[in-house]
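Reading through the structure tokens given below for one structure.
The values are calculated or read from the model by the stated rules, or taken from the named source; none is laboratory data. The shown structure was predicted, so the numbers you read here are calculated from the model rather than taken from an experiment. FYI the Cβ positions are ideal-geometry reconstructions off the backbone, even for glycines, and counts take in every protein chain you see.
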Amino acid sequence: MTAAAFKDTPKEVYFGNEVLNRVSFLREDNEFIQSSLFHPKLCILKNGSNQGSIEEEADGGLGYTGTKAVIESGLLENLPSWRSALETWFHDNKHRDKSLRDEGKPVFLFMGILDESIGLNLKSLKFLETSEETYLDHQGRYQGIAYYAVDLTRLKGLRKEIVKFVNDSINALQSTEASPGDNGIYFTHSRKHYLGFKKREASLFSQGAMFFSWLDTNKFCPGCGLPSIPIHAGGKLLCTSEAKSEDDDETYKCPVKSARVSNASFPRTDMAVISIITNEDRSKVLLSLNKRYAIARMYTCTAGFMEPAESVEVATRREIWEETGVVCDDIRIVNTQPWPFPQNLMIGCMGIVKFNNKNEIIHLGHDNELEDARWFDVEFVRKLVYPDEVTETEKETFNPENIIIPMKESIAHTLIKMVVDEANHKSKL
Ligand SMILES: [Zn+2]
């Protein structure tokens, strides 16, 4: 493998860019939570879990409150029910109140600070604004704009109030009487929009969606079955059981609560391996057609969840063999992508198959997940990756089955494109 081989692996990853400094150690600092939650520069994303909804602006971005230019002083000063929701959550979070996520209460998540480490120019911000304090300053060490996400999935009334208030504010400013839909202020399902976000918005969305999916599906302690509550501003789950062990009043009965390090209480990411399969000179690419995508004719990479006690390389080799029957001993890790449906990390690999009239033979009968798998000539795949390069005459004939590949935001597309580019590079050597 030459040094040039992986040079085109993108640094920007849809759903996985670093947008905020997460300052995760501040999640349990109540003084910080208080000053950031009620700060006028606060940004809140209305970001539900996977089944939830988001407020969308007309330009495809996520909706914010607080900094919205159209609302003087933000929702906090104008909407009493919103202020009350924030105050209740702040109190419950600080005191680890057992009612923290009772019916009718929104769940908040502290996401991080937009600060200089991520590219915010505090000096220019100070210069442009006229008010004395324009950004959050915690102990003179952490400065920027705090971001929270809130899950309002089950709070229809509050959602309606927010939409009405924002819409009325826009109409007042513009002397119009437009509907919320016309002004682009509405809650909508994330699944409809998840590929239309700007890169920055996509990463904020995935952070919120993955945390909320975890919170939403872990309402009871896995050790003792009693309710669990999100503490540390949404970053950790706490079992509410207080029962102590009979023979040792220092330890809790609940095995999760007693454990020194309890992974059940921290956010989970499920790892899946995804691989592009090729041969040594990159002239061939193996793509497979999952039964789910058979009608769309979408051929893609091989993928599957990692199992306990597997290395990435072993899991990838296993997935390739189970799905396609192909034997592949040369596995290279290329890049990774968070995938918020619901909370996965895709580990992108390249599997290089040594052709010997045996290793490369496709057999779909092991786990029967695929409709088809085929070795394609790299030149054909190149035309799918770079449709602009296809000539008018070729367009009519090169793809009689109307085969497509995954969208460019996905890691599968990145991996396919990488092999095509490597093949091009090799052919020029
Ligand atoms: Zn428990």
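See the values below:
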| read-out | value |
| --- | --- |
| Top-ranked residue in the stretch 259-269 [being within 12 Å of the ligand (Cβ to nearest atom) and surrounded by fewer than 17 Cβ atoms within 10 Å (Cβ to Cβ); ranked as nearest to MET210 (Cα to Cα)] | ALA264 |
| Residue list for the stretch 275-297, filter: crowded, with 18+ Cβ neighbours inside 10 Å and hydrophobic (A, V, I, L, M, F, W, C) | ILE276, ILE277, VAL285, LEU286, LEU287, LEU289 |
| Members of the stretch 375-412 that are exposed (fewer than 11 other Cβ atoms within 10 Å of the Cβ) and either touching a residue at least 40 places away in the same chain (Cβ under 8 Å) or in contact with a strand residue (DSSP E or B) (Cβ under 9 Å, 6 or more places away or on another chain) (or both) | GLU401, ASN402 |
| Any hit, the stretch 419-428, residues being under 28 Å from the mean Cα position of the chain (by Cα) and aliphatic (A, V, I, L, M) | yes |
| The stretch 241-258: number of residues that are surrounded by 12 or more Cβ atoms within 10 Å (Cβ to Cβ), among the charged types (D, E, K, R) and outside any strand (DSSP E or B) | 2 |
| Inter-residue pairs, beta-carbon under 6 Å, first on the phi < 0 side of the Ramachandran plot and outside the structural domain of GLU322 (by the TED database) and in the stretch 359-374, second at pLDDT 95 or above and surrounded by 15 or more Cβ atoms within 10 Å (Cβ to Cβ), 6+ apart | none |
| Flag for GLU310 being within 16 Å of the ligand (Cβ to nearest atom), in a loop (DSSP other than H, G, I, E, B), surrounded by fewer than 20 Cβ atoms within 10 Å (Cβ to Cβ) and not assigned by the TED database to the domain that holds ASN30 | no |
| Residue check, PRO342 in contact with a His (Cβ under 8 Å, 6 or more places away or on another chain), in contact (Cβ under 8 Å) with a residue 40 or more places away in the chain and in a loop (DSSP other than H, G, I, E, B) | no |
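Rundown of residues vs (1) in contact (Cβ under 8 Å) with a residue 40 or more places away in the chain; (2) away from the ligand (no atom under 16 Å from the Cβ); (3) crowded, with 18+ Cβ neighbours inside 10 Å, yes/no style:
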site	(1), (2), (3)
GLU177	no, yes, no
HIS189	yes, yes, no
LEU195	yes, yes, no
LYS198	yes, yes, no
MET210	yes, yes, yes
CYS221	yes, no, yes
PRO227	yes, no, no
GLY235	yes, yes, yes
LEU238	yes, no, yes
